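*Asks:* One structure coming up, written as structure tokens, with questions to follow.
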Amino acid sequence: MNFDIITLFPALFDSPLQAGVLGRALEKQLFHIEIHNLRNWADPPHFVVDDAPYGGGGGMVMKPEPIHRAMETVRRKNPRSRVLLMTPQGRTFRQRDAISLAREEGLIFLCGRYEGIDERVRSWVDDEFSIGDFVLSGGEFAALVMVDAIARLVPGVLGNELSAGADSFGDGLLEYPHFTRPAEFAGMRVPEVLLSGNHGQIARWRRRESLRRTLQRRPDLLDSAELTGEDRAFLESLRKRPEEDQRR
């Protein structure tokens, strides 16, 4: 998997890409990532990448010429890569998108800045993404979020290959609660089923707790989650219980 990021601020990626899961995976060369400074494709001597918007208004707009040159150069190197524009106007990035994009040979992230990009740039990208209904200083932060979500699905990146599938949203639901030692702390005890060693009962408890938590916190996810008949029956029983009982 190749990740290419086109940005005006390459230094923003230095620290995040050196730490944690991504840093270890890059050391092992499980995927490749290259940061490209957009100004390298701007015209000398001033290497200007933005200009005032036609029609007036506040802010500056990123010029199309350097973006086009950068995209053409990077795409020649990785012709099968998909180009993704980071923009508040894009569709909301979901776990299912991470799973789909992790199957690509390469991804090129174009990070917007200032008031936005020249509208003509949109005709050169394959998709547009947002990470939520809020505005950031630039697309770099959104690109980092997406790279992390996608890269951890690349084989070998996570130490335990089961981890990604069990994560929240991995199966369309929120993840079940986790506990570790000690078995009792501050008067609170770990559920007995987790101490039982019965893997079948543990799996059933985890599934039910995942359903319970999703119903409580993100019931909208249940509309598209893959549910069994047993799942639906359990959810129906929860809906009939008093609210205090559901929270236990």
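The values are calculated or read from the model by the stated rules, or taken from the named source; none is laboratory data. In this text, all values refer to a predicted model and were calculated from it rather than measured experimentally. Glycine gets a Cβ as well: all are built from the backbone with ideal geometry, and neighbour counts include every protein chain shown.
*Asks:* Given (1) without any contact (Cβ under 8 Å) to a residue 12 or more places away in the chain; (2) farther than 20 Å from ARG96 by Cβ; (3) loosely packed, with under 12 Cβ neighbours inside 10 Å, where does ASP223 come up short, assuming only one miss?
*Replies:* Checking ASP223 against (1) without any contact (Cβ under 8 Å) to a residue 12 or more places away in the chain; (2) farther than 20 Å from ARG96 by Cβ; (3) loosely packed, with under 12 Cβ neighbours inside 10 Å, the one that fails is (2).
*Asks:* Let me ask you something else. Can you name the number of the only condition in (1) closer than 24 Å to ASP14 by Cβ; (2) assigned to a helix (DSSP H, G or I); (3) touching a Pro at 6+ places or on another chain (Cβ under 9 Å) that VAL121 fails?
*Replies:* (1)
*Asks:* Do the conditions hold for ILE117, that is, is it within 26 Å of GLN18 (Cβ to Cβ), aliphatic (A, V, I, L, M) and modelled with pLDDT of 95 or more?
*Replies:* Values: within 26 Å of GLN18 (Cβ to Cβ): no; aliphatic (A, V, I, L, M): yes; modelled with pLDDT of 95 or more: yes.
No; evaluated as a whole, the condition is false for this residue.
*Asks:* Now, a different point. Residue check, PHE141 against (1) crowded, with 17+ Cβ neighbours inside 10 Å; (2) within 16 Å of ILE6 (Cα to Cα); (3) within 18 Å of the chain's Cα centre (by Cα), all met but one. Which one?
*Replies:* (1)
*Asks:* If we only count helices (runs of 4 or more DSSP H) wholly inside segment 6-113, which ones have 1 or more residues that are assigned by TED's automatic domain parsing to the domain that holds SER137, within 18 Å of the chain's Cα centre (by Cα) and polar (S, T, N, Q)?
*Replies:* Counting at least 1 such residues, we get 95-101.
*Asks:* Look through ALA42, ALA98, ALA70, ALA19 and report the one residue that is surrounded by 17 or more Cβ atoms within 10 Å (Cβ to Cβ), under 20 Å from LEU158 (Cα atoms) and not hydroxyl-bearing (Ser, Thr, Tyr).
*Replies:* Working: ALA42 fails: under 20 Å from LEU158 (Cα atoms); ALA70 fails: under 20 Å from LEU158 (Cα atoms); ALA19 fails: surrounded by 17 or more Cβ atoms within 10 Å (Cβ to Cβ).
Just a single option satisfies the conditions, and that option is ALA98.
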